[in-house]
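What follows draws every value from the coordinates through simple rules; no lab data is involved. Everything quoted here is computed from the prediction, not taken from an experiment. Cβ placement follows ideal geometry from the backbone for every residue including glycine, while neighbour counts extend to all protein chains displayed.
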Amino acid sequence: YDLRDEDLKDLHELGQGNGGSVKKVEHVPSRTIMAKKIVLIDAKPSVRKQILRELQIMHDCHSEYIISFYGAFLSDPNICICMEFMDKGSLDGIYKQIGPIDIEVVAKVAHHVLEGLTYLYDVHRIIHRDIKPSNILCNSKGQIKICDFGVSGELINSIADTFVGTSTYMSPERIQGAQYTVKSDVWSLGISLIELALGRFPFSESASDDDSDLSEFEGTLSPARPVPLEKKKKGDSKDRKRDRRKSRGVSLQGGGMTMSILELLQHIVNEPAPKLTPEGRFPKEAEDFVNSCLLKEPDHRRTPKDLLNHEWIKHARSARFDLEAWASTF
Ligand code: ATP
Ligand code: MG
């Protein structure tokens, strides 16, 4: 495809993230339906061209577990990335619509994400960097694929400059400033799988040291998506806590952003990792798989390729579970 903005007809908006928005469009000359991601990049023209060059690697990514890429172009001040349209949307939207996802489906998700991560790393030396339910997409054929992986170093840098990169799916070692590795993606996968199986963000009830509900931190943290602290019932102790936070200078953007992102990040670093709960509700192998994704020490955590040999994944691979039939239920 030789993509030009004037050949793309907007159909409707699919969703908005921190970095920009995604629209369903039709490429009129070829009558192809696509998803067009519009990313606002506040960078010099030379940097934008560099990003565009780097994105071209996606033309070489061919896997049934990875969203297909149609092309990217500059459309001042945005970068547009056109990709395969997935008609059932992302897994976060799906569980918010239908509730907790069956563990058989979660097993398939785990398998497909591991295949996608292994392909990206083994063939292209790409680390995903943003595994989470909104970046795992599903279509009515029952295919499950990952999108939004970090192909462009310059794009990652530009976005990092705007703070959008701090995600609650981030591994403890990343929070502490270590390099990204494929094992950081494995942590994010573990958090995502628990979220799908429980139908809620896993940090929402586990905060052990106090009664704070961390569910409102779900997703990527960003000044663009401030969380008003006033939403919470304020008890005395919380007020005091907030004052302490303020004095520590945690406030990220004045006003509504005085809350402690730092507190959640510290929680991830210092507290035990979340689990599939209650114990016994899910198959032992599923519990074991998730626990091994969520080993806090990256040296102990396995790689995506290695985890493809986990018993739970081997079962998922051979299971006759019909994802197409499942996808037709919503
Ligand atoms: P964040 O910006 O924090 O990463 P996000 O992943 O939700 O969050 P976007 O990547 O901008 O943000 O995507 C917005 C929404 O658009 C997604 O949640 C998803 O539901 C939808 N979407 C993205 N890509 C596609 C696609 N290829 N096909 C169908 N829907 C898509
Ligand atoms: Mg996304």
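Here are a few things to note about the model shown:
- Averaging the Cα positions of each part gives two centres, and for region 263-309 and region 55-97 these lie 28 Å apart.
- Check: region 1-87 dipole with +1 on Lys, Arg Cβ and -1 on Asp, Glu Cβ, in debye: 220
- With the simple model of a label 7 Å out from the Cα in the direction of the Cβ, residue 12 to residue 179 spans 4.6 nm.
- Distance histogram for region 13-52 (every C-alpha pair counted, 10 angstrom bins, percent rounded to whole numbers): 27, 35, 34, 3
- Per-q log10 I(q)/I(0), region 268-330, q = 0.13, 0.25, 0.26 Å⁻¹ (Debye; single scatterer per alpha-carbon; no solvent): -0.48, -1.10, -1.12
- Contact order for region 18-150, expressed relative to its length and based on alpha carbon pairs under 8 Å spaced 6+ residues apart, stands at 23 percent.
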